[in-house]
Amino acid sequence: MAQAFTKTMARNIFYGGTAFFFLLFLALTFDSMGQLPNRDNRAALEGEFGPKIAMGKILWEENDCIGCHTLLGEGAYFAPELGNVYTRFGNSTDAIKGFIQSRPADGIPGRRSMPQFNFSAEELDALAEFLKYVSEINTAGWPPNTQG
Amino acid sequence: MTYKSQSVAKLYFIAAIALFAAQILFGLILGLQYVMGDFLFPHIPFNAARMVHTNALIVWLLMAFMGAAYYLVPEESETELFSPLLAILMFWIFLVAAGLTVAGYLLVPYSTLAELTGNDLLPTMGREFLEQPTITKLGIVVVALAFLFNIGMTILKGRKTVINLVLLLGLTGLAVFFLFAFYNPTNVVLDKYFWWWVVHLWVEGVWELILGSILAFVLIKVTGVDREVIEKWLYIIIAMTLITGIIGTGHHYFWIGTPEYWQWWGSIFSAMEPIPFFMMTVFAFNMVNKRRREHPNRAATLWALGTAVMAFLGAGVWGFLHTLSPVNYYTHGSQITAAHGHMAFYGAYVMINLTIISYAMPLLRGRNAANSNKSQIWEMWSFWLMTIAMVFITLFLTGAGILQVYLQRVAENPQPFMVVQDQIALFYWLREIAGLMFFGGLVVYIASFFVGQDEPEATVAQS
């Protein structure tokens, strides 16, 4: 029986299987794109804070926040999850801004510490609005509790 | 070495090993920062060291893939490389771009690097693993296209084997999916959704084609088993890889704002992702058992078998450990993820590259088939040191992860992130010690290129 399974058959399974499952993946992607508007909080992006959130995301990226933190569980595992930091800090953008602002420039002896980025008031606002927007994405109930 | 142009591979392999050393060095810094939070702060903050650690890994793996292709494609195609000059030129462009990027990470704040490189024109920076300035990303595209052209033209004018075609398919996929690195919408869910088209479809998709074809090539060489048999295995392994791995992308779509049906698709398909890795293990051991020749390069055979076992453990078993959505709900983005990442990357991609380097380097350096016994013994010591160290790194991170998940997410009174981190510091210390052992193995590995050079080649014992 083993001899009956030829290289040609193996090749056909490879090409056929890959093509089929890639098309299925595209179909699922297409369907997901249709459902996202009800889940991904894009209303916030289109609302009055939209430009601020966009600026916040650029700041988030240009300071490599993901290099220490996770956002919706993705990133580095050195510092707390920030996808829900808005709720963890009592639904307060001021608390977020206060925390970022208060980081000592030289760190804390012996301990991990977030750098002092010297953000302007406008930049702090943008970052906080960005984190608020992320916290309002429908993530199927993740994380399990506010500790992230 | 059958074709003169194969020699360009040597440059790529040497640079790959140098970057590997840099990667490990920065890994040790990161490990120390986990337990001594102010180490090198604020000069080399954790995120900067991490970028060097992960980006050096990605670049050296790509360099070694390219070296592997430049080595094996002429031999498989039975013709000289289309343009050795282009290969050398692209090597230097790639190396300089990588060097400048790393210097940028370390010498200026990341936001300054973003400003200097005009990130605002086409913002692509600041996403995990894709931290490179946009200009570097464009450079990667140019290098990848020139490389593909060179390899493609070589295959086109020569013999077309299954190994060649699978490798080319993998490399083409690598270049195509990288293009999603340029898509960066403000919408975080969309951003993340297509970010995975680079990251997941690379490491759990097209890279596995590259892995499979390199492994098949080395196994043909060291075992002398009939090509027909090996090629059939290769097809069936990569078929299972893509059948499970493409929809398996869904295991990243559980908690990022995507529809909940992904919990089913992702769990079911990624639960099957260990199958091709298991087949790879069976395949490698079968071929070696059925060998029709004794190859004097025993180190290369050891690396090949090691790849098959460690890829199965790291990618297969440790992946399965946290891939079912009810489990992943608690483990997502924890040290469990880090444990899996370390062993999977080492087992699959570090080891396959060390396999082809082990096989090809003696030939590139003028040996007929293998290094001296002495050199091989050093190399095999490094194999065991690095591999065992990685097993321990993985076990300690898993221990840390289990505790972290329990204290922070499962226990009745969940504790804050940093409070939990303090309680699991012992595991981080142990991981750092295992990391030092890995570094020791790496030193022995590099030394193996310099010892026993004056001694005669190893030969096969006549019995």
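The values are calculated or read from the model by the stated rules, or taken from the named source; none is laboratory data. On a predicted model such as this, the values are computed, not experimentally measured, just so you know. Virtual Cβ from ideal backbone geometry, glycine too; neighbours counted across all protein chains shown. To get the accessible areas, we keep the full protein, side chains included, count just its heavy atoms, and leave off ligands, DNA and RNA. Shrake-Rupley method; radii C 1.70, N 1.55, O 1.52, S 1.80 Å.
Restricting attention to the range B:154-171, the residues that are touching a Leu at 6+ places or on another chain (Cβ under 9 Å) and under 17 Å from B:Phe82 (Cα atoms) add up to 6.
From the list B:Val282, B:Val203, B:Val229, B:Val225, which residue is among the β-branched types (Val, Ile, Thr), open to solvent by 10 Å² or more (accessible area, probe 1.4 Å) and outside any helix (DSSP H, G or I)?
Checking each option against the conditions leaves just B:Val225.
Within the range B:395-414, residues that are under 9 Å from B:Phe427 (Cα atoms) have Cβ atoms under 6 Å from residues that are buried (at least 20 other Cβ atoms within 10 Å of the Cβ) and acidic (Asp, Glu) in no pair, counting only partners at least 6 apart in sequence or on another chain.
Results for (1) more than 8 Å from every other protein chain (Cβ to nearest Cβ); (2) over 15 Å from B:Ala348 (Cα atoms), shown as yes or no for each residue.
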residue	(1), (2)
B:Lys192	no, yes
B:Val198	yes, yes
B:Glu204	yes, no
B:Ile214	yes, no
B:Val222	yes, yes
B:Val225	yes, yes
B:Lys232	no, yes
B:Ile236	no, yes
B:Thr241	yes, no
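In summary, helices (runs of 4 or more DSSP H) completely within the range B:287-337 and bearing 2 or more residues that are open to solvent by less than 30 Å² (accessible area, probe 1.4 Å) and within 14 Å of chain A (Cβ to nearest Cβ) occur at B:325-331. Does B:Ala447 satisfy the criteria of being over 24 Å from A:Arg112 (Cα atoms) and of a type outside the set (Phe, Trp, Tyr)? Spelling it out, B:Ala447 is indeed over 24 Å from A:Arg112 (Cα atoms) and of a type outside the set (Phe, Trp, Tyr). Do we find that A:Ala105 is assigned to a loop (DSSP other than H, G, I, E, B) and open to solvent by less than 20 Å² (accessible area, probe 1.4 Å) in this structure? Here the answer is no, as A:Ala105 does not meet what is asked. Here the range A:115-148 is the region considered, the condition is being surrounded by fewer than 19 Cβ atoms within 10 Å (Cβ to Cβ) and of a type in the set (A, V, I, L, M, F, W, C), and the residue that is nearest to the other protein chains (Cβ to nearest Cβ) is A:Ala140.
Of the listed requirements (1) within 26 Å of B:Glu208 (Cα to Cα); (2) in a loop (DSSP other than H, G, I, E, B); (3) among the aliphatic types (A, V, I, L, M), B:Ile44 misses just one: (1). If we keep just the residues of the range B:135-149 that are in contact with a helix residue (DSSP H, G or I) (Cβ under 8 Å, 6 or more places away or on another chain) and β-branched (Val, Ile, Thr), which is most open to solvent (accessible area, probe 1.4 Å)? Selected residue: B:Val142. The residues listed here are A:Phe25, A:Phe14; of these, the one that is facing chain B (nearest Cβ under 7 Å) and farther than 28 Å from B:Met125 by Cβ is A:Phe14. For the range B:432-451, the condition holds for at least one residue, the condition being that it is buried (at least 21 other Cβ atoms within 10 Å of the Cβ), touching an Asp or Glu at 6+ places or on another chain (Cβ under 7 Å) and not in a helix (DSSP H, G or I).
Of all positions in the range B:132-148, at least one carries a residue that is in a loop (DSSP other than H, G, I, E, B), more than 10 Å from chain A (Cβ to nearest Cβ), at pLDDT 95 or above and closer than 27 Å to B:Leu171 by Cβ. Condition check for A:Tyr77 on (1) in a helix (DSSP H, G or I); (2) within 19 Å of the chain's Cα centre (by Cα); (3) aromatic (Phe, Trp, Tyr): one failure, at (1).
Within the range B:87-109, the set of residues being open to solvent by less than 20 Å² (accessible area, probe 1.4 Å) and either away from every other protein chain (no Cβ under 14 Å) or of a type in the set (Ser, Thr, Tyr) (or both) comprises B:Ala87, B:Met90, B:Phe91, B:Phe94, B:Ala98, B:Thr101, B:Tyr105.
Of all residues in the range B:179-189, those satisfying the criterion of being among the hydrophobic types (A, V, I, L, M, F, W, C) and crowded, with 19+ Cβ neighbours inside 10 Å are B:Ala181, B:Val188, B:Val189.
Yes/no per residue for (1) open to solvent by 40 Å² or more (accessible area, probe 1.4 Å); (2) within 12 Å of chain B (Cβ to nearest Cβ); (3) not hydrophobic (A, V, I, L, M, F, W, C):
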| position | (1), (2), (3) |
| --- | --- |
| A:Thr29 | no, yes, yes |
| A:Pro37 | yes, yes, yes |
| A:Ala43 | yes, yes, no |
| A:Leu59 | no, yes, no |
| A:Thr70 | no, yes, yes |
| A:Val85 | no, yes, no |
| A:Arg88 | yes, yes, yes |
| A:Asp94 | yes, no, yes |
| A:Gly110 | yes, yes, yes |
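If only residues of the range B:407-443 that are within 20 Å of A:Ala79 (Cβ to Cβ) and among the aromatic types (Phe, Trp, Tyr) are counted, the one that is nearest to the other protein chains (Cβ to nearest Cβ) is B:Phe417.
One residue stands out among those in the range B:251-271 that are part of a loop (DSSP other than H, G, I, E, B) and β-branched (Val, Ile, Thr): the one that is surrounded by the most Cβ atoms within 10 Å (Cβ to Cβ), which is B:Thr258.
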